[in-house]
Amino acid sequence: MTTKPKWRTSSYTKSDTCVEVADNQPGLVLVRDSKDLDRGCLALRPAAWSSFVDFLRATEVPPGRVT
């Protein structure tokens with residue numbers, strides 16, 4: 001049985017820079033661009049997603065700046 005992804009956005013997401021995450025899939029975290037849903041999504045292992053989130057939390061980036 002396949003579970004339908006439950007997409008959510010961060011409370012920090014601005015209206016013009018949205019990414020959505022679905023973490024209700026067994027063994028996967030899905031990430032997509034909410035502005036272009038037809039492009040598909042990235043499927044990451046939970047450990048890789050966790051490492052990415054930890055990196056973001058440890059990195060201070062000024063608001064509005066993309067690195």
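The values are calculated or read from the model by the stated rules, or taken from the named source; none is laboratory data. Here the structure is a predicted model, which is why all the values come from computation and not from measurement. Reconstructed Cβ throughout: ideal geometry from the backbone, glycine too, with neighbour counts over all protein chains shown.
Of all residues in segment 1-27, exactly one satisfies the criterion of being at pLDDT 90 or above, farther than 22 Å from ARG57 by Cβ and among the small types (Gly, Ala, Ser), namely GLY27. Residues of segment 28-67 that are in a loop (DSSP other than H, G, I, E, B) and modelled with pLDDT of 95 or more: ARG45 alone.
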